[in-house]
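This report concerns only the one structure given below.
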Amino acid sequence: MSAPRVLVVDDSPFALHWCKSVLAPRGMEVSTLDNPQLMLKSVRDFSPDVLILGVNMPGIDAETLVDIVPIVLHSDLPAAQLEAIAARCGAEW
């Protein structure tokens, strides 16, 4: 069985480093990307099992991406705002 593939997209270097430092030691293959404009190409090229996506980035359309790959949204937004975004994407809350 191959390692789960996780693509982390965020414009915060800290968030990218933190996600990779937590997930990679647990046996996951982690790719990070700080440019959301390259995300769709990276999803196609890397074929992740899940996408961890920062919410407050320009050019992000999580509602389109949810049809391509499962998404985990993360943000420092208030819970009610994040819940509304998740609901629009069809995500479970």
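The values are calculated or read from the model by the stated rules, or taken from the named source; none is laboratory data. Computed from a predicted structure; not experimentally measured. Quick reminder, even Gly has a Cβ in these numbers, built from the backbone with ideal geometry, and neighbours come from all protein chains shown. We work out accessible area using only protein heavy atoms, side chains counted, and drop any ligands, DNA or RNA first. Shrake-Rupley method; radii C 1.70, N 1.55, O 1.52, S 1.80 Å.
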Quiz item: Residues of segment 27-45 being open to solvent by less than 50 Å² (accessible area, probe 1.4 Å) and more than 20 Å from ASP11 (Cβ to Cβ), which ones?
Solution: GLY27
Self-check item: Filtered residue count, segment 10-20, keeping only those that are farther than 19 Å from PRO70 by Cβ and either acidic (Asp, Glu) or open to solvent by 60 Å² or more (accessible area, probe 1.4 Å) (or both)
Solution: 5
Exercise. For residues that are open to solvent by 80 Å² or more (accessible area, probe 1.4 Å) and either under 21 Å from CYS19 (Cα atoms) or assigned to a loop (DSSP other than H, G, I, E, B) (or both), scanning just segment 84-93, find the one that is modelled with the lowest pLDDT.
Key: TRP93
Quiz item: Does LEU7 fit the bill of being open to solvent by 40 Å² or more (accessible area, probe 1.4 Å) and not polar (S, T, N, Q)?
Solution: no
